[in-house]
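To start, the structure under review is shown below, and the notes come after it.
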């Protein structure tokens, strides 16, 4: 059985949980608590499994895959149905670019270890940390909203009328934005797509609060 | 002909230039100067083409693709030979994870706009900015070195004996590290692979200083 090393609040883990649910794949969930006792991601066992010391990590028999987007692609290649990428190269490029806009331009800047560096090394206060967090989400969502609202390829979901890798990345990022009370009024297309996703059972099952390690 | 909107010093642009050279694809290079006159990436024309206001952007006839890794995948699908991904799903996952470790965990934190936020909004001094820059490269390279040095799949290049997407990402990141005088003694595998890449004409042709917009 697939094993997913995950943290319930990690949005990178959340992306993979959604993809696994959409593809109807059962998996063993192994909690890696990022905050407890200095962070379980720094344990020798986990660091040996994934030297980046980040979650998630997927284990598929003898194969170990880190990096959430690499895991999404791996699942796409090993379990192609239902597809989370469109069939045409330009469509696939659009979906990947949307996913990467979240995964490269928003999420890495608001990651736990970056927030820790800002407060511990640069000694910024809580207000400056919140402003930093909001800045990168707002900047990224402004670009995403434009990409989504301006394209005839946007449908019920980010690309057409079935969920793709882009939706797997969008929903966890919206959840982060809501957790930090970031106003989303300027992003109607993002809010609409998030609601359409949340109505699907696969997205609901992947929610942080429903995970075994959320207790 | 393919058109690449690029900035000579952008390491994301550099990744795509390497892939285009490896695949023997001719392209028109359109310079987007990130520093001149407040940044050409913020011009209305460029923001309309790519709302993230980041380089690179590839134009292939009517299709526009942003995000360097989405562009690498698009080129792989539209121009499969020579392949920059291995044929097997676990190998492809490994290459993508290596590429994403650079593209998600190192590069976004040291991007121009992030450094600008640190100095303009958080008012950190030059020494703190340099320490920030070095911190994320050193942390990321430590993980990468471990991933590369520990795997029998590492060869002359990051994966086997022909260049892949991982090498397209590694070389520009090493160039950034060298530009900021970051010691690389702790990363012998990274240094060895970078040297193997630099010996290839495709990598040499993609170097920042040889680009038309470097003048």
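The values are calculated or read from the model by the stated rules, or taken from the named source; none is laboratory data. Since this is a predicted model, take the numbers as computed values, not measurements. All Cβ positions, even for glycine, are placed from backbone atoms using ideal geometry, and neighbour counts span all protein chains on display.
Would you mind stating whether residue B:207 is surrounded by 16 or more Cβ atoms within 10 Å (Cβ to Cβ) and within 14 Å of chain A (Cβ to nearest Cβ)?
no
Taking the condition of being more than 8 Å from every other protein chain (Cβ to nearest Cβ) and either surrounded by fewer than 16 Cβ atoms within 10 Å (Cβ to Cβ) or in a loop (DSSP other than H, G, I, E, B) (or both), how many residues in the range A:130-167 meet it?
Qualifying residue count for the region: 15.
Examine the range A:98-115 for a residue that is outside any helix (DSSP H, G or I), more than 8 Å from chain B (Cβ to nearest Cβ) and surrounded by fewer than 16 Cβ atoms within 10 Å (Cβ to Cβ), and state whether such a residue exists.
Checking the range A:98-115: not a single residue is outside any helix (DSSP H, G or I), more than 8 Å from chain B (Cβ to nearest Cβ) and surrounded by fewer than 16 Cβ atoms within 10 Å (Cβ to Cβ).
Exactly one of (1) within 23 Å of residue A:108 (Cβ to Cβ); (2) more than 8 Å from chain A (Cβ to nearest Cβ); (3) in a helix (DSSP H, G or I); (4) touching a residue at least 40 places away in the same chain (Cβ under 8 Å) is unmet by residue B:178. Its number?
Only one criterion is unmet by residue B:178, namely (4).
Please work out if residue A:16 is outside the structural domain of residue A:162 (by TED's automatic domain parsing) and within 24 Å of residue B:73 (Cβ to Cβ).
yes
How do the strands (runs of 3 or more DSSP E) wholly within the range A:5-87 filter down when requiring 2 or more residues that are within 14 Å of chain B (Cβ to nearest Cβ), surrounded by 15 or more Cβ atoms within 10 Å (Cβ to Cβ) and at pLDDT 95 or above: which remain?
A:57-60, A:63-66
Which of the residues that make up the range B:88-97 are more than 8 Å from chain A (Cβ to nearest Cβ) and assigned to a helix (DSSP H, G or I)?
Answer for the range B:88-97, where residues must be more than 8 Å from chain A (Cβ to nearest Cβ) and assigned to a helix (DSSP H, G or I): B:91, B:95.
Here are the criteria: (1) surrounded by fewer than 22 Cβ atoms within 10 Å (Cβ to Cβ); (2) assigned by TED's automatic domain parsing to the domain that holds residue B:193; (3) assigned to a helix (DSSP H, G or I). Tell me which single one residue B:122 does not satisfy.
The one condition residue B:122 does not meet is (3).
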